[in-house]
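Participant: My structure is below; once you've seen it, I'll send some questions.
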Amino acid sequence: KINHLLYLLLISIKIKNLIYNYFLLSNKIYKLDIMKKINKILIANRSEIASRIIFTCKTLNIKTASIYSKEDIKLQYIYESDENHELSKCGASAYLEQDEIINIAKKLNADAIHPGYGFLSENYTFAQKVIDSGLIWIGPNPEIIKSMGDKINARNLMLSANIPVIPGYFITHATNQKDIEKIANLISFPLILKDPLGGGGKAIKKVFNFDELIPAINTVKSESSRLTKSNQILIEKYIENGRHIEVQIAGDGKNFIHFYERECSIQRRHQKIIEETPCKFVSQQILNKIYEAAINAAKIISYKNIGTVEFIVTPDEKFYFLEINTRLQVEHSITEETTGIDLVALQINLAQNNKLNLNQNDISREKHAIECRIYSEDPNNNFLPNTGIIKNLMLPHLPFARIDHNLENNQEISTLFDPMIAKITCWGKDRTIAIKNLLTVLKQFNIDGISNNINFLINILENKKFQAGEINTQFVEKFITENQPNFDNKINININENLTEEEIAAIFYELKTKQNLNNKILHAINNWKVKQWR
């Protein structure tokens, strides 16, 4: 009888281990501790990234709670989560109410808060409040967030680890013009001015000569006073024609691994718009050194959770540290698709004080992946954010594509939030096929009612220099200047007045399918009213 009971006990333990000790991350197995601490997560974010986190939580059998402002009440992430709660304020500011968000999490009996990206994701004060409230913070500890958010401290730490940093100096808002000019001479033009506490492409100015220097200083002063209250400015050498290469890392405070690089050189106003992996245009020897530098950066601060170490690579393949992003990146999807690792699941696991049970040898790469960001903006009007009501939305469903979004027909797009409305990730066995696949998706992606950057992205992807890999952080700026392409979302079509409405509809349909006019609002010159055939 005792032997029989022992046998049943052993069987039950074995079954429990099988259920709880592993979970599938795409095509890889990631070991977990048997005791699960997180049963419910409140997502302190909105739209597509909230949906992304919910997806992983469902695979882990973790319940989710979402928050929303009144403008977001119809977004799909709210209905994907197990519970939801309305915020008291409107617009983006609603998602910055730290105490309210924590109180909602506790009210809904959440165990943890996932910040996503943007909003409060790199706010060390919020992270500390979450921890102090007894909740689990899904991200690096507040001290690391604070340390890496300060460019002065980050530079000093990297220097102490023998990681190369861009030549530069810090000044205060009170530094006189003579001393500023001495520093400029010492570094030599071109320069880039940065708020040491800033990020996201804000409070940054490029300077090419002395005439531009003081006005640029004043602009950065003004922006930093408004955004971060910093009284310092970092003056650095501006690396012309450099490549922006970042490395995805993970750590448990003692053990650290990387997930290879991402090429993020296609930027506009210091904001990434196209990212890809691997980078085929920097030598593997230099990439290996960049991986090593990224791991050393993680070690020097005992990094815990996932993060991204960013570098700039010069045309002659010197590389310099830029910053560490202490959060999930928008472009994390291309790393997931090439390595098979669910980075959100990894975040959740590490937040529970579990060890990093992956070794560097466990991380391999397959395929080439590329991502682009869809913005509701007008490329023909200085890329100003655009508003409107979404009509005729058509999203392609293809085996080589992943579209992260929260879009639907009759949805209002406002300027209250960031203009990024979707991101598309495609992959293929090599770069050429991945680009071709992304072009296929973009040309089948239809969204009317708002201006957007789809045609702009298509123009870039079809550019011969881009396809040849002749890219750098100035590529987009030069591309617009040299090509002066027309990214208009409208096209005029002459229609013979003798045609029937059905014949007109057939012509429009043929044009749309054969010439890929998916993103264009079709306007007839005459007064024919075409039926809702679309």
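The values are calculated or read from the model by the stated rules, or taken from the named source; none is laboratory data. Bear in mind that the values here come from a model prediction, so they are computed numbers and not experimental data. Heads up, the Cβs are rebuilt from the backbone with ideal geometry, glycines too, and the neighbour counts pull from every protein chain shown.
Participant: Name every residue in the stretch 367-397 that is within 30 Å of ILE341 (Cα to Cα) and in contact with a helix residue (DSSP H, G or I) (Cβ under 6 Å, 6 or more places away or on another chain), in order of residue number.
Facilitator: LYS367, HIS368, ALA369, ILE370, GLU371, CYS372, PRO396
Participant: Next question, about the same structure. Could you tell me which residue of the stretch 215-243 is surrounded by the fewest Cβ atoms within 10 Å (Cβ to Cβ), considering only residues that are in contact with a Pro (Cβ under 7 Å, 6 or more places away or on another chain) and polar (S, T, N, Q)?
Facilitator: Of everything passing the filter in the stretch 215-243, ASN241 is surrounded by the fewest Cβ atoms within 10 Å (Cβ to Cβ).
Participant: Follow-up question, since we're still on this one. Could you check how many residues of the stretch 94-133 are small (Gly, Ala, Ser) and free of Cβ contacts under 8 Å to residues at least 24 places away in the same chain? Break it down stepwise before answering.
Facilitator: Step one: list which residues in the stretch 94-133 are small (Gly, Ala, Ser), which gives 94, 105, 110, 112, 116, 118, 121, 127, 133.
Subsequent filtering for residues that are free of Cβ contacts under 8 Å to residues at least 24 places away in the same chain retains 127.
Selection size over the stretch 94-133: 1.
Participant: If a residue must be of a type in the set (Asp, Glu) and either under 20 Å from SER364 (Cβ atoms) or surrounded by fewer than 16 Cβ atoms within 10 Å (Cβ to Cβ) (or both), how many such residues does the stretch 304-326 contain?
Facilitator: Our first condition is that a residue be of a type in the set (Asp, Glu); within the stretch 304-326, this holds for 310, 316-317, 323.
Narrowing further to those that are either under 20 Å from SER364 (Cβ atoms) or surrounded by fewer than 16 Cβ atoms within 10 Å (Cβ to Cβ) (or both): 316-317.
So the count comes out to 2.
Participant: Turning to a different aspect of this structure: In the stretch 1-77, which strands (runs of 3 or more DSSP E) lie fully inside it and hold 3 or more residues that are modelled with pLDDT of 95 or more? Working first, answer last.
Facilitator: Numbers: elements: 22-25, 28-31, 40-43, 63-68.
Those strands (runs of 3 or more DSSP E) span 40-43, 63-68.
Participant: Hey, any hits in the stretch 353-368 for a residue that's small (Gly, Ala, Ser) and within 20 Å of the chain's Cα centre (by Cα)?
Facilitator: Here is the first cut: in the stretch 353-368, the ones small (Gly, Ala, Ser) are 364.
Then keep just the ones that are within 20 Å of the chain's Cα centre (by Cα); that gives none.
No - not one qualifying residue is present in the stretch 353-368.
Participant: Now for a separate question. With the requirement that a residue be surrounded by 10 or more Cβ atoms within 10 Å (Cβ to Cβ) and either among the hydroxyl-bearing types (Ser, Thr, Tyr) or touching a helix residue (DSSP H, G or I) at 6+ places or on another chain (Cβ under 9 Å) (or both), what does the stretch 157-167 give you? It would help to see each step written out before you state the result.
Facilitator: Filtering the stretch 157-167 for residues surrounded by 10 or more Cβ atoms within 10 Å (Cβ to Cβ) gives 157-159, 161, 163-167.
LEU157, MET158, ALA161, ILE163, PRO164, VAL165, ILE166, PRO167 - these are the residues of the stretch 157-167 that are surrounded by 10 or more Cβ atoms within 10 Å (Cβ to Cβ) and either among the hydroxyl-bearing types (Ser, Thr, Tyr) or touching a helix residue (DSSP H, G or I) at 6+ places or on another chain (Cβ under 9 Å) (or both).
Participant: Which fully enclosed helices (runs of 4 or more DSSP H) of the stretch 235-353 have 3 or more residues being under 30 Å from ASN382 (Cα atoms)? Don't jump to the end; show me each part of the working.
Facilitator: Working: elements: 284-300, 332-339, 343-351.
Per the criteria, 332-339.
This table checks each residue for (1) surrounded by fewer than 19 Cβ atoms within 10 Å (Cβ to Cβ); (2) aromatic (Phe, Trp, Tyr); (3) in the same structural domain as ILE435 (by TED's automatic domain parsing); (4) in contact with a strand residue (DSSP E or B) (Cβ under 8 Å, 6 or more places away or on another chain).
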site	(1), (2), (3), (4)
GLN267	no, no, yes, yes
HIS270	yes, no, yes, yes
PHE281	yes, yes, yes, yes
LYS289	yes, no, yes, yes
SER302	yes, no, yes, yes
GLN329	no, no, yes, yes
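Participant: Restricting attention to the stretch 168-183, and to residues there that are within 33 Å of the chain's Cα centre (by Cα) and surrounded by 14 or more Cβ atoms within 10 Å (Cβ to Cβ), which single residue is modelled with the lowest pLDDT? Break it down stepwise before answering.
Facilitator: Keep residues of the stretch 168-183 that are within 33 Å of the chain's Cα centre (by Cα), which gives 168-173.
If we keep only those that are surrounded by 14 or more Cβ atoms within 10 Å (Cβ to Cβ) as well, we get 168-171, 173.
Values: GLY168: 94, TYR169: 94, PHE170: 92, ILE171: 93, HIS173: 89.
Looking at residues that are within 33 Å of the chain's Cα centre (by Cα) and surrounded by 14 or more Cβ atoms within 10 Å (Cβ to Cβ), I get HIS173.
Participant: May I ask you to list the residues in the stretch 244-260 that are crowded, with 24+ Cβ neighbours inside 10 Å and not β-branched (Val, Ile, Thr)?
Facilitator: Those that are crowded, with 24+ Cβ neighbours inside 10 Å and not β-branched (Val, Ile, Thr): GLU246, GLN248, ALA250, PHE259.
Participant: How about the stretch 265-301: which of its residues are more than 21 Å from GLN474 (Cα to Cα) and in contact (Cβ under 8 Å) with a residue 60 or more places away in the chain?
Facilitator: Listed by number, the residues that qualify are ALA293, ASN296, ALA297, LYS299, ILE300, ILE301.
Participant: Could you tell me which of the residues ALA92, ALA110 is out of contact with any Gly (no Cβ under 7 Å at 6 or more places or on another chain), buried (at least 19 other Cβ atoms within 10 Å of the Cβ), more than 21 Å from ASP252 (Cα to Cα) and not basic (Lys, Arg)? Steps first, answer last, please.
Facilitator: Numbers: ALA92 fails: buried (at least 19 other Cβ atoms within 10 Å of the Cβ).
Exactly one of ALA92, ALA110 is out of contact with any Gly (no Cβ under 7 Å at 6 or more places or on another chain), buried (at least 19 other Cβ atoms within 10 Å of the Cβ), more than 21 Å from ASP252 (Cα to Cα) and not basic (Lys, Arg), namely ALA110.
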